[in-house]
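To start, the structure under review is shown below, and the notes come after it.
The values are calculated or read from the model by the stated rules, or taken from the named source; none is laboratory data. Treat the numbers as computed from the prediction; the structure is a model and nothing was measured. Positions of Cβ are generated from backbone atoms using ideal geometry, with glycine treated the same way; all protein chains shown enter the neighbour counts. In case anyone asks, the SASA skips ligands and DNA or RNA and just uses the protein heavy atoms, side chains included. Shrake-Rupley method; radii C 1.70, N 1.55, O 1.52, S 1.80 Å.
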Amino acid sequence: MGAAVIRAIRNFNLENRAEREISRMKPSAAPRHPSTKNLLREQMSSHPEIKGEIARKDDKLLSLLKDVYVDSKDPVSFVQVKDAGTPQKPKEFRLPKDHHSDMMNVKNIPKGKISIVEALTLLNNHKLYPDTWTAEKIAEEYHLDQQDVNSLLKYFVTFEVKILPPEGKKAIQSK
């Protein structure tokens, strides 16, 4: 019962209220900063034709605006059907090179990729023995791209801790 009363009050004199709202003056622009008002006033006084340009409606632009028509449609969701005639090439995998793979439960690694442990191992090997562990040998050993290995060796280094005693002071000896 309450909903019917509320609906009657909400719809009472609806047309007159809508007409009154439509005929009401449109909201004015937000107030401008005083310095902006002064600049605008100076420009309007020096160029009175600007005021006419602002107030004038351009019929050509209005007619172009009336010609605009936007029609949108939702994209059709489609399921990609794999062509049975072209079988996919099976991916090549390799076994991990280290003995730590039991820790990570990694059974096989795609060729062209390495695990974190392998990356740290090869970076450390290259740092300790750069003559034996060259970029070419690493690329061959881990089935990687030569360019990727060069970038890996150039931009990544393993962590190194150095403890330097303060200059001019004696280092505190640990007990």
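Values for this structure:
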item: Residues (among the hydrophobic types (A, V, I, L, M, F, W, C) and open to solvent by less than 90 Å² (accessible area, probe 1.4 Å)) located in segment 40-72; result: Leu40, Met44, Ile50, Ala55, Leu62
item: Residue list for segment 18-36, restricted to those being assigned to a helix (DSSP H, G or I) and either in contact with a Pro (Cβ under 6 Å, 6 or more places away or on another chain) or open to solvent by 100 Å² or more (accessible area, probe 1.4 Å) (or both); result: Glu19, Arg20, Glu21, Ile22
